[in-house]
Amino acid sequence: MYNFAKSVFVALAGWSWTVFGPALPVAAACTAMVLADVWSARRLAGRIGRNIPSARQQLKFSSARFGKVIRTLTKIYAVLALAAMVENVVVGEWVHLLKFTGAVICFWQAVSILENECSSNPHPWARTLARYLVDKTSRYINKEDLPF
């Protein structure tokens, strides 16, 4: 019985490495983009805290915000695993679904980074981008605390 269970475990481990192994570099790139988004959000919180000192307590990093980052990463890994399975099992190599999915996720994170960088930023390039992107200032503090 032990040899059978060991054989099944090794077979499942080999299958999962074959299917999900190609997703690891894409997952690493997506993780780097999410961490860059967290870093840019912390920079935005610092800019808001300098402009509105009464909102500094609301801007501190909390376990709820860390949980949101972990949930985002979990969803990204699940989508990448699904894309890897669909690419390997259903559509084959002629559709690079895993790379496309990773590119969409990285683009989504890049837009979020640009939104963070252009919110509450006095530089001219940020004001130009702010015309086209969402202002994330109101996501971090209550709207009653905003001076504008």
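So if I check each of R47, R65, R71, R127, which one is free of Cβ contacts under 8 Å to residues at least 12 places away in the same chain, more than 23 Å from C30 (Cβ to Cβ) and of a type in the set (K, R)?
Values: R47 fails: free of Cβ contacts under 8 Å to residues at least 12 places away in the same chain; R65 fails: more than 23 Å from C30 (Cβ to Cβ); R71 fails: more than 23 Å from C30 (Cβ to Cβ).
Sole residue among the options that is free of Cβ contacts under 8 Å to residues at least 12 places away in the same chain, more than 23 Å from C30 (Cβ to Cβ) and of a type in the set (K, R): R127.
When the range 89-124 is filtered for residues that are among the acidic types (D, E) and free of Cβ contacts under 8 Å to residues at least 40 places away in the same chain, the ones remaining, listed by number, are E93, E115.
Would you confirm whether any residue within the range 81-99 is of a type outside the set (D, E), within 30 Å of A126 (Cβ to Cβ) and either crowded, with 16+ Cβ neighbours inside 10 Å or modelled with pLDDT of 90 or more (or both)?
no
Residues that are in contact with a Cys (Cβ under 8 Å, 6 or more places away or on another chain), open to solvent by 30 Å² or more (accessible area, probe 1.4 Å), modelled with pLDDT under 90 and among the charged types (D, E, K, R): does the range 114-128 have at least one? Checking the range 114-128: at least one residue is in contact with a Cys (Cβ under 8 Å, 6 or more places away or on another chain), open to solvent by 30 Å² or more (accessible area, probe 1.4 Å), modelled with pLDDT under 90 and among the charged types (D, E, K, R).
The values are calculated or read from the model by the stated rules, or taken from the named source; none is laboratory data. Keep in mind it's a predicted model, so treat the numbers as computed, not measured. Cβ: placed from backbone, ideal geometry, glycine included. Neighbour counts: every protein chain shown. Only protein heavy atoms, including side chains, enter the accessible area calculation; ligands, DNA and RNA are left aside. Shrake-Rupley method; radii C 1.70, N 1.55, O 1.52, S 1.80 Å.
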